[in-house]
Each structure stands twice: as C-alpha cells, then as structure tokens.
Amino acid sequence: TRYTYAVASVNGGGVSAPSAPVTATPQSALPAAPTRLSATAGDKLVRLAWNSAAGATSYSVFRNGASAPVASGITAANFTDTNLTNGTKYTYTVAGVNNAGTGPKSNQVEATPNPALPPAPSGLSAKAGDKEVTLTWNAAAGAATYNVYRNGAAAPVATGIAATTCGDTHRNNGT
C-alpha cells in the first residue's frame, strides 16, 4: 500500500503549515540465502536439499549457472531434478523468493547422475568338462554385460559377456 506523509512544526505559537508531502510503499525484505545445499545423484536425476531461508515463501532452483531457474515456486526445502543425462556433471544453487523478489543464492553444489548398479546375477552354476568349466547364471535386471572372476581375483578373466553362459577353457584336469 502506498502511504503519503506531511510534517508540521509545533511550538508555543501554534502549528505550522505542513511540509511538502512524500510517499512511500512498504516492501518486504528479500529473503536470506538458503544454507547447507546438498546434492545426491541417482539414475538420470539429482536430489537437492537445503535449510530453509528466513523470509522465503518459495524457492527457485538454478542449474549450471543459468540466470533463469530450472524450477520455481517450490515450497519445500528439497527438489528432484529429473530426465538428466547420466555421466554429465550438473551444478546447482537455490534462492529464496517472496513478494519483494528473489534473494541471494545458496552455496553451489555439483552432482553427476549415474545409472543404478544392477544386482548380482543369481543361480550361478559350474559344469566341469574335459579341461574346461562351463558357467551359467540367471540374467540380472539392468545388466548390459557380465564379467567373470576366477579364484577370488580382483581382476576379471572375462569381460563384456552378453550371454548368461561362459566357457573357461584350457584348464588343468583335476585342479
């Protein structure tokens, strides 16, 4: 609301004429910056969380330094950015918003979405033959290929196997 003011002087002789009028419209102060912004990456997404900002009625989320928010009107102190590209690094800041405008931005965080790990294959079985071992297993949801490890070694003996079977040949009989 716009207010108009004038002031008059007073002494023993009476009240003066009023001063020239002035006007003012009270405004809310901008909200403070949100604090402790954190990011957690998932499969094609990043989850953001922050501490509420004093005076904020909503929040805007900014990605990769853009001046326009990727999301606005957020009333909770968290947001999930979806449909992202796995393996791409994203940076984020958040600002509080109220009727006075957008306040200062939070600390910047970064996250790189990655696909979820598939579960381990189940039903692994080994069939011994003459100088060979044939392995078979059940497909694991979300697995593109498989690696085979022998005797507890950290490095695989076979990689990029697309099928759910693998032969390990040229083995010593009786070992």
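Structure notes:
- Charge dipole magnitude, Cβ of K and R +1, D and E -1 - the chain, Cα centre, debye nearest 20: 140
- Candidate values (1) 8.8; (2) 17.1; (3) 12.6 were compared with mean projected area of the Cα convex hull in nm² computed on the shown model; the agreeing label is (2).
- Reachable aspartates and glutamates from LYS131, criterion Cα separation under 18 angstrom, eight or more residues apart if same chain: ASP168
- Here the stretch 141-163 and the stretch 60-127 have alpha carbon centers that stand 32 Å from each other.
- Of the solvent-accessible surface of the stretch 135-175, computed with a 1.4 Å probe and all protein chains present, 49% belongs to carbon and sulfur.
- Distance between the pseudo-spin-label points of ALA20 and ALA76 (7 Å out from Cα toward the beta carbon): 5.4 nm.
- Distant-in-sequence amide contacts of VAL70, defined by a placed amide H-H separation under 5 Å and a gap of 5 or more residues or a different chain, comprise VAL61, PHE62, ARG63.
- For the chain, the residue among PRO69, THR159, SER52 whose Cα projects farthest onto the positive side of the dipole built from Cβ charges is SER52.
- For GLU110, the solvent-accessible surface computed with a 1.4 Å probe is close to 110 Å², ligands and nucleic acids excluded.
- Each Cα pair under 8 Å and six or more residues apart adds its separation to the average, and for the stretch 101-175 the resulting relative contact order is 28 percent.
- Reachable lysines from LYS44, criterion Cα separation under 25 angstrom, eight or more residues apart if same chain: LYS89, LYS105
- Relative contact order of the chain, pairs being alpha-carbon contacts under 8 Å that are 6 or more residues apart, as %: 17
- Heavy-atom accessible surface of LYS105, to the nearest 10 Å², is about 100 Å², with a 1.4 Å probe and all protein chains retained.
The values are calculated or read from the model by the stated rules, or taken from the named source; none is laboratory data. Source: prediction; values computed, not measured. Here Cβ is always computed from backbone atoms with ideal geometry, including for glycine, and neighbour counts include all displayed protein chains. The accessibility values were calculated without ligands, DNA or RNA, using every heavy atom of the protein model including side chains. Shrake-Rupley method; radii C 1.70, N 1.55, O 1.52, S 1.80 Å.
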